[in-house]
Amino acid sequence: MTAIVNEQSTGRPVTEPMATGMRTTIGVFVAVPLLAVVLAIPVAWGGWLGWTDLVLAFVFYVIAAGGITVGFHRHFTHGSFKAPTWVSVALAVAGSTAVQGSLGQWVADHRRHHARSDEEGDPHSPWRYGTSRRAVAKGLVYAHVGWLFDGQQTSIERYAPDIRADAALQRVSRYFPLIVLSTILLPAILGGLLTWSWQGALTALFWAGVVRIALVHHVTWSINSICHVFGQRPFRTRDMATNNRWLALPSLGESWHNLHHAEPTAARHGVLRGQVDISAGVIRAMERMRLARDVRWPNPARLAAKLKDPALQRRIRGWSPADEPGAAATT
């Protein structure tokens with residue numbers, strides 16, 4: 001798969017007009033889950049939260065977030081590993097349950113982001129309005145959610161032609177509305193069956209359906225906003241991408257964003273000891289089960305050359321049989 005499209009490689013337009021009614025659709029899928037988060041505390045206080053809701057919310061969160069991080073991002077956007085067709089389709093479906101748009105549009109947006117990161121043309125840079133406090137505050141809001149309502153959207157033909165040309169992946173995109181409906185209703189069905197009550201169905205719909213979607217949304221969008229302003233930059237990059245430790249677990253390792261922009265195709269983003277990267281652990285497990293091949297693990301020598309502080313070089317981790325995900329918490 002193409003990792004990043006060269007801006008000069010094609011004469012196709014960078015953006016294309018957003019389809020009629022799309023802003024309204026996006027608004028609904030941004031506002032409704034966010035409203036559910038606002039209502040979460042009084043709903044939980046009223047006793048409408050049980051262990052079934054928490055377990056279902058956790059399971060559906062991991063499926064959706066993992067589908068974004070392992071699938072949409074590392075596999076489809078950057079080609080960090082290859083996989084059999086059925087595995088790719090499963091990852092595409094899992095990522096679609098995050099309700100962040102179709103696979104092709106997601107990939108196109110992210111490839112354009114890397115091609116123009118924190119420069120003019122980046123679809124969601126928080127630095128677009130300037131460097132003053134007010135400008136950065138405005139930019140953070142835009143990078144987090146405002147960019148979704150831009151009247152022009154990234155051209156899939158230019159930035160993700162490989163996704164559009166793949167018949168199996170196109171079928172997943174065509175069924176995206178059905179996947180969205182399923183990821184909202186399935187928790188309610190399971191909640192009702194597990195508790196054998198209408199209340200169980202309704203609370204599971206609320207927590208594992210709507211609230212879970214909001215959490216995945218805002219964790220993902222935090223990588224676009226927070227991880228380009230706040231945090232550490234141990235590696236040299238041409239942009240402002242940062243590492244944020246407190247987002248590492250909910251983002252499944254995506255918040256080691258500085259390294260990711262230093263080595264975009266690497267399957268592992270948390271490469272210093274102590275940097276937990278759950279998505280990399282999943283890819284490693286897939287590799288062992290032969291569900292992933294040609295995995296692009298980080299090259300310690302290449303990364304050492306990009307470190308600002310040579311003293312950190314001894315903390316770089318590649319990947320060997322003795323260097324497993326569980327060791328990431330050690331120093």
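The values are calculated or read from the model by the stated rules, or taken from the named source; none is laboratory data. In this text, all values refer to a predicted model and were calculated from it rather than measured experimentally. Heads up, the Cβs are rebuilt from the backbone with ideal geometry, glycines too, and the neighbour counts pull from every protein chain shown.
For segment 119-142, a residue qualifies if it is assigned to a loop (DSSP other than H, G, I, E, B) and either surrounded by 21 or more Cβ atoms within 10 Å (Cβ to Cβ) or under 18 Å from the mean Cα position of the chain (by Cα) (or both), and the qualifying residues are ASP122, PRO123, HIS124, SER125, PRO126.
Of the helices (runs of 4 or more DSSP H) lying entirely inside segment 156-196, those containing at least 1 residues that are within 26 Å of ARG116 (Cα to Cα) and in contact with a strand residue (DSSP E or B) (Cβ under 9 Å, 6 or more places away or on another chain) are 156-159. All told, ILE223 falls short of being crowded, with 20+ Cβ neighbours inside 10 Å, touching a residue at least 40 places away in the same chain (Cβ under 8 Å) and in a helix (DSSP H, G or I).
Out of ALA292, ALA266, ALA188, ALA304, one residue alone is in contact with a Gly (Cβ under 8 Å, 6 or more places away or on another chain) and not charged (D, E, K, R). It is ALA188. Restricted to segment 1-20, and to residues there that are polar (S, T, N, Q) and either exposed (fewer than 12 other Cβ atoms within 10 Å of the Cβ) or assigned to a loop (DSSP other than H, G, I, E, B) (or both), the residue that is modelled with the lowest pLDDT is THR2.
Taking the criterion of being modelled with pLDDT of 95 or more, of a type outside the set (Gly, Ala, Ser), surrounded by fewer than 23 Cβ atoms within 10 Å (Cβ to Cβ) and assigned by TED's automatic domain parsing to the domain that holds LEU140, would at least one residue in segment 21-32 satisfy it? Quick ask: steps written out before the conclusion?
Pass one, segment 21-32, residues modelled with pLDDT of 95 or more: none.
Scanning segment 21-32, I find no residue that is modelled with pLDDT of 95 or more, of a type outside the set (Gly, Ala, Ser), surrounded by fewer than 23 Cβ atoms within 10 Å (Cβ to Cβ) and assigned by TED's automatic domain parsing to the domain that holds LEU140, so the answer is no.
Checking each residue in segment 236-284 for being at pLDDT 95 or above, surrounded by fewer than 21 Cβ atoms within 10 Å (Cβ to Cβ) and among the small types (Gly, Ala, Ser) picks out only GLY281. Checked against the criteria, GLY192 counts as touching a helix residue (DSSP H, G or I) at 6+ places or on another chain (Cβ under 6 Å), in the same structural domain as GLY79 (by TED's automatic domain parsing) and surrounded by fewer than 23 Cβ atoms within 10 Å (Cβ to Cβ). Evaluating VAL210 against the criteria (1) under 17 Å from the mean Cα position of the chain (by Cα); (2) in a helix (DSSP H, G or I); (3) among the β-branched types (Val, Ile, Thr) leaves one unmet condition, (1).
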